[in-house]
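A short worksheet on the structure shown next.
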Amino acid sequence: MFGRKKRIRRNAYKGRHTNRLSAALSRILKSTKIVLVLAAFGLFNLMLIFGHDWITQTDRLGIQAISVTGCERLTPEIVIVQAGLTEARNILTVNLTTTRKRLLAHPWIADVQVTRDIPDRLHIHIFEHRCIAVLDLGRRFLMSAEGHVFKELTPGETPDVPVVSGLRYTDLGLHTEAPSMIMRSVMKILKPRSRSSRLDLVAQIREIQADPALGLTIFITDARQSQGYHTVMLGFDDFDEKYAALQRIDAYLEKSPRYAGYRSIDLNNLNRIVVNPVTTNAAENARKEV
């Protein structure tokens, strides 16, 4: 009989040893890659930190000039102090947003633009509030051309603008509320439209009295009268037509030798205008002789 062929058994231990060695080498390579990536990332961050420190501390990027434009009431020196830029510093360390907020905290600054011109120039352009009236609300405040109160009148301030009395805080349209009708009338008086056919009295108005029931009464100056003011009752609306009527009346009184102007004019109703004129000395003497 033929004998069975002896089967050679595979060495399982040798295969397991090779697999373990390959796995260990793979883990070492992965760990090495991770370490190298982390080291490169850390080195990159370190370079960024040193680069940032150098850029923000070098004298080559120091502010050499600050230009301030838009000043009318304020001075460039006041603006620079308000912005906190009095000390020498690197231009990249200036936070433009923070600088803008500091400037907007000044009561006279309505808006501002802050830009930098690398390597050494900073530009500030301000927009100041334009005061058009002093509001007498028990305490006196300055009112902007937009009808907003922007600061309280301080001792020593003497703005050459009309004083508005008779209003309440609620008339201003605080928060989301709209201004009252009397407040809207005040703004129409203070912001006249440019028309060649109407008399612009804003420069002559010294006071505006606002009455919710009767409307507006203005007190204006006149070079022809050395004492006192003219009183003009305007009501609530139709100011263009009333200004035109006032212009005609004023022109007539100026040409007439009998009158030296007027004390008051009631223009509430254009169909029934009431004038209280001032007579001249010649007219008074003629009246006495008669």
- request: Starting from the amide H of residue 279, placed 1.01 Å from N in the peptide plane, find each other amide H under 5 Å away whose residue is 5 or more places distant or on another chain.
  value: 260
task: Just need the relative contact order of region 143-188 here, percent rounded to a whole number, with Cα pairs under 8 Å and 6+ apart.
output: 25 percent
Contour minus Cα-Cα distance for residue 254 and residue 64 (0.36 nm per residue): 62.3 nm
statement: Expressed in angstrom, Rg and Dmax over the Cα atoms of region 96-177 are 16.1, 55
- prompt: Which GluC sites (Glu not before Pro) from region 73-129 combine a DSSP loop assignment with at most 16 other Cβ atoms within 10 Å?
  reply: 87
task: Run the quick spin-label model on residue 266 and residue 145: label points 7 Å from Cα toward the beta carbon, then report their separation in nm to one decimal.
output: 3.7 nm
field: With DNA, RNA and ligands ignored, accessible area of residue 256 (1.4 Å probe; Å², nearest 10)
entry: 20 Å²
- line: Beyond 24 Å (Cα-Cα) in this structure, taken from 191/242; 188/255; 191/255; 151/242, we find 188/255; 191/255; 151/242
field: Amide H contacts of residue 236 (H built 1.01 Å from N, under 5 Å, at least 5 apart or other chain)
entry: 216
message: Amide H of residue 163 versus every other amide H placed in the peptide plane: which residues, excluding those fewer than 5 positions away on the same chain, fall under 5 Å?
response: 134, 207, 208
query: Using the Karplus equation 6.51 cos²θ - 1.76 cosθ + 1.60 (θ = phi - 60°), what ³J(HN,Hα) coupling, rounded to whole Hz, does each residue of region 150-161 give in order, writing x for Gly and Pro?
result: 10, 6, 7, 5, 9, x, x, 7, 10, x, 7, 9
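The values are calculated or read from the model by the stated rules, or taken from the named source; none is laboratory data. Predicted, not measured: the structure shown is a model, and the values here were computed from it. We place every Cβ from the backbone using ideal geometry, glycine too, and count neighbours over all the protein chains shown. When the accessible area is computed, the model is the full protein with side chains, heavy atoms only, and any ligands, DNA or RNA have been set aside. Shrake-Rupley method; radii C 1.70, N 1.55, O 1.52, S 1.80 Å.
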